[in-house]
Amino acid sequence: MKTHASIRRFRLTLPAAAAVLLAACAQPPPKAPPPPAPPARDAVAAVRAAGKGDDSVVQVQPLRDPAVDGYLQQAEKAEAEGRLDAAAEAAERALKLAPEAPEILQLLAEIELGRGRLREAEERAMHSYRLGPRLGGLCARNWQTLVETRELLGDPPRKAEAERQVKECRKAPPVRM
């Protein structure tokens with residue numbers, strides 16, 4: 001009888017023991033990657049601030065196709081709502097209608113910076129610089145984009161060079177008497 005009772009007890013405890021062993025062997029589900037840390041400061045805001053209040057040069061804006069302005073308004077609205085992919089899409093449409101417009105290229109650079117696409121932001125900003133003015137707010141925004149990307153990429157020497165270039169975009173107005 002002891003044998004039957006031992007076998008019965010063994011049969012009853014075997015599934016529970018197996019479940020415990022399997023549970024111990026199972027790996028925990030993979031953890032989701034932590035969300036990216038927010039930047040210490042808003043890089044896009046810093047770029048746009050670099051272009052504000054510059055009265056060192058006269059800035060001329062060309063007449064454009066109204067469709068370009070419509071797409072740019074869509075891009076600005078989407079960006080303000082945090083829909084950066086939609087903002088980039090609308091700005092790309094504007095760029096197709098005005099492919100040599102440095103201000104549209106710079107807007108795209110700023111959107112790419114906001115999306116964390118640093119290399120694309122640099123490329124757009126430098127393309128804008130090559131097509132645009134060498135002085136003034138747009139020039140400062142072009143180079144400030146590189147300041148921000150170099151900061152985020154951990155490249156102090158190129159960041160310092162870009163900071164120097166931002167200063168070169170500003171010229172003191174002539175003294176008037």
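The values are calculated or read from the model by the stated rules, or taken from the named source; none is laboratory data. What you see is a predicted model, and the numbers here were worked out from it, not measured in a lab. Don't worry about glycine lacking a Cβ; one is built from the backbone with ideal geometry, like all the others, and counts go over all protein chains shown. These area figures cover heavy atoms from the full protein model, side chains too; ligands, DNA and RNA do not enter into them. Shrake-Rupley method; radii C 1.70, N 1.55, O 1.52, S 1.80 Å.
Taking R0 as 25 Å, what's the FRET efficiency between Leu152 and Glu92 from their Cβ-Cβ distance, rounded to 0.05? List each step's numbers first, then the result.
Values: r = 23 Å, r/R0 = 0.92.
Efficiency for this residue pair is about 0.60.
The residues of segment 75-177 expose on average 53 square angstrom of accessible surface per residue, using a 1.4 Å probe on protein heavy atoms. Once all protein chains are placed together, Val175 keeps about 130 Å² accessible to a 1.4 angstrom probe.
Whenever you get a sec, compute what percent of the accessible area on segment 114-177 sits on carbon and sulfur atoms (1.4 Å probe). Result for segment 114-177: 53 percent of the exposed heavy-atom area is carbon or sulfur. Quick check on segment 77-119: take the gyration tensor over C-alpha atoms, sort the square-rooted eigenvalues as a ≥ b ≥ c, and tell me if it's rounded (a/c under 1.5), prolate or oblate. Here segment 77-119 falls in the oblate category. Legend: residues Glu163, Glu76, sorted from most to least accessible area (1.4 Å probe; ligands, DNA and RNA excluded), read Glu76, Glu163. Note: relative contact order over segment 73-172, using C-alpha pairs below 8 Å and six or more positions apart, is 20 percent. Placing Arg115, Arg93, Arg124, Arg150 in order of accessible area, with the largest value first and a 1.4 Å probe, yields Arg93, Arg115, Arg124, Arg150.
Local charge sum around Lys159 (other residues, Cβ-Cβ under 13 Å, Lys/Arg +1, Asp/Glu -1)?
Values: positive: Arg150, Arg158, Arg164; negative: Glu122, Glu148, Glu151, Asp155, Glu161, Glu163.
Taking every other residue near Lys159 into account, the sum is -3.
The gain in end-to-end length when the Arg176 to Gln73 segment is fully stretched comes to 33.3 nm, 0.36 nm per residue minus the alpha carbon separation. For Lys77, the accessible surface of its heavy atoms amounts to roughly 130 Å² (probe 1.4 Å, protein chains only, rounded to the nearest 10). A viscosity of 0.692 mPa s and a temperature of 37 °C, combined with the Kirkwood radius over C-alpha pairs in the Stokes-Einstein formula, give segment 59-177 a diffusion coefficient of 221 µm²/s.
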